[in-house]
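The values are calculated or read from the model by the stated rules, or taken from the named source; none is laboratory data. Computed from a prediction, not measured in an experiment: that's the story for all the values here. Note that we place each Cβ from the backbone using ideal geometry, even for glycine, and neighbour counts take in every protein chain shown. Ligands, DNA and RNA are excluded from the accessible area calculation, which covers all protein heavy atoms including side chains. Shrake-Rupley method; radii C 1.70, N 1.55, O 1.52, S 1.80 Å.
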Amino acid sequence: MGKRCQVCDGPIVNGRCKYCGMPYRNDAVMYHLNEDRSEHYRHSSAKVRREMDQSEIPLPDRKGGADYTKKKTAENKGTKNKSTARKTVNNKNTTSKTVSNAGRTASKTYTSGKQSGTEEKKKGKKMVIFWLVIALLAALIEYVPDVLETLKPHQIEEFIYKTKLIDKDDKEKKEVPDQKVMSSSELDKYDYYMLNTEDKYYEVVESNTEDFMGPGEYVVEAVWEGIELEFVPSDGTGGVVWDFDQEGQQLKLELHKGDRLTVTSLDGQYNYFRLYEIQQYDE
């Protein structure tokens, strides 16, 4: 027995009441309880999806339903083709980047090779310069004896003094007198120069200035003990060394142009002399 209309109890034909026209469509395949249409569409079979697509088409257009379904399928295929094309382009770009990176790596390797070659050339040049210097020194050594023969004895001694090669033990050592040459009150009348262990080397100039002593008569006084005074005359002969082992020891000196004085600390501490100018000489 067929289904009857719930309104007029008329027969239902093709989903509609034959008498009153009340619709009775069978939509159970397209809907589930507590589930919307989009969720149902995602997990439905192909047949159900086609029926759901057909239900969206108005009744006058139902004849073209098959064409509509084909159109949808074609659009989906077009989308898939586009995504495939994009993947292909991305693969090409990846390949391009790989080739580019390989080229850069090769370029870096080539550059590093050039740098190592440049360093080897520099090392080679340095070695050539080194051996040239050695050869030049060897050639000069042969001429040193001839040069020394042409120099006079006093010139050689002066050269040795200026290069500080003379041993102090070769000079005469004298004791400093215990008695003072002049009292402190007497020395206060005269100007003095400071001869310290930092500047160390002094030479008498032609005439007195504020900074350099000239020819004349002087009194040397040790400010502290443990200081040494070395005197070398202008001709380089007859040098004398005095060791001042007491504070305030004094010594009288005559200095002439070209005479040299050297001040040395015996205990490694800073020390200095006062060189009082008693009389000035004209030379």
Give me the residue from region 8-26 that is modelled with pLDDT of 80 or more and not in a strand (DSSP E or B) and, out of that set, most open to solvent (accessible area, probe 1.4 Å). Tyr19
Looking only at residues that are without any contact (Cβ under 8 Å) to a residue 60 or more places away in the chain and part of a strand (DSSP E or B) in region 236-283, which one is surrounded by the most Cβ atoms within 10 Å (Cβ to Cβ)? Leu255
Would you be able to tell me the number of residues in region 208-234 that are assigned to a loop (DSSP other than H, G, I, E, B), over 19 Å from Pro177 (Cβ atoms) and open to solvent by less than 60 Å² (accessible area, probe 1.4 Å)? 5
Looking only at region 248-262, count how many residues are of a type in the set (Asp, Glu) and touching a Gly at 6+ places or on another chain (Cβ under 9 Å). 1
If you scan region 226-240, which residues turn out to be closer than 20 Å to Gln250 by Cβ and more than 50 Å from the chain's Cα centre (by Cα)? Phe231, Val240
Tell me yes or no: at least one residue of region 228-248 is within 17 Å of Ile278 (Cβ to Cβ) and touching a His at 6+ places or on another chain (Cβ under 7 Å). no
Can you name every residue in region 194-207 that is surrounded by 15 or more Cβ atoms within 10 Å (Cβ to Cβ) and among the acidic types (Asp, Glu)? Glu203
